[in-house]
């Protein structure tokens, strides 16, 4: 996790962060410590979400904990989010389905970064709608897939800068 926090250091300051499959909430709490503006945690298991609410309150910080299974839980959120951290259970199809919903929806800011922790053999695609995988880092059996948002305005700007339009 320290590696993940370090790789995103330039992006934390003032960011709205979404922590999906939040569990203990440690990713979102680390994001708050790194200087983000707001964190929203989504956890599908009620007992775990209840414990997370207590942990967030005890850490002297605000933020919202949403109890809902993913990807359906995305429907209850209001964007845009600048950074999305997702740690779905290994082998769970909800991970790729959540990326598909994020890539097709309006929850991401124009230059959002999405990082998914998964088993290196899990079948994550290189793109999901407006999300394009930019790199994969492997740590033993675990992989971190980094995706960037390619919203239409960003694509247009890139094309204009490159002389393509």
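Every read-out reported here was derived from the displayed coordinates using simple, explicitly stated rules and does not represent laboratory data. Remember, predicted model here, so these are calculated numbers, not experimental data. Cβ sites come from the backbone with ideal geometry, for glycine too, and all protein chains shown count toward neighbours.
Taking the criterion of being closer than 17 Å to residue 27 by Cβ, without any contact (Cβ under 8 Å) to a residue 40 or more places away in the chain and surrounded by 15 or more Cβ atoms within 10 Å (Cβ to Cβ), would at least one residue in segment 97-111 satisfy it? Yes: segment 97-111 contains one or more residues that are closer than 17 Å to residue 27 by Cβ, without any contact (Cβ under 8 Å) to a residue 40 or more places away in the chain and surrounded by 15 or more Cβ atoms within 10 Å (Cβ to Cβ). Only a single item in (1) over 19 Å from residue 24 (Cα atoms); (2) over 13 Å from the mean Cα position of the chain (by Cα); (3) not in a helix (DSSP H, G or I) is not met by residue 75, and it is number (3). Screening segment 19-39 for residues that are assigned to a strand (DSSP E or B) and touching a helix residue (DSSP H, G or I) at 6+ places or on another chain (Cβ under 8 Å) and picking the one that is farthest from residue 147 (Cα to Cα) gives 39.
Residue count for segment 120-136 under the criterion of being in a strand (DSSP E or B), in contact (Cβ under 8 Å) with a residue 12 or more places away in the chain and surrounded by fewer than 14 Cβ atoms within 10 Å (Cβ to Cβ): the result is 2.
When residue 71 is tested against (1) free of Cβ contacts under 8 Å to residues at least 40 places away in the same chain; (2) crowded, with 18+ Cβ neighbours inside 10 Å; (3) in contact with a strand residue (DSSP E or B) (Cβ under 7 Å, 6 or more places away or on another chain); (4) under 22 Å from residue 105 (Cα atoms), only condition (3) is not met. Suppose we keep only residues that are over 19 Å from residue 75 (Cβ atoms) and in contact with a helix residue (DSSP H, G or I) (Cβ under 8 Å, 6 or more places away or on another chain) within segment 40-60. Which one would you say is surrounded by the fewest Cβ atoms within 10 Å (Cβ to Cβ)? Going through the qualifying residues, I end up with 59. Might you check whether a residue that is in contact (Cβ under 8 Å) with a residue 12 or more places away in the chain, outside any strand (DSSP E or B), over 24 Å from residue 13 (Cα atoms) and in contact with a helix residue (DSSP H, G or I) (Cβ under 7 Å, 6 or more places away or on another chain) occurs anywhere in segment 84-94? Looking through segment 84-94, at least one residue is in contact (Cβ under 8 Å) with a residue 12 or more places away in the chain, outside any strand (DSSP E or B), over 24 Å from residue 13 (Cα atoms) and in contact with a helix residue (DSSP H, G or I) (Cβ under 7 Å, 6 or more places away or on another chain).
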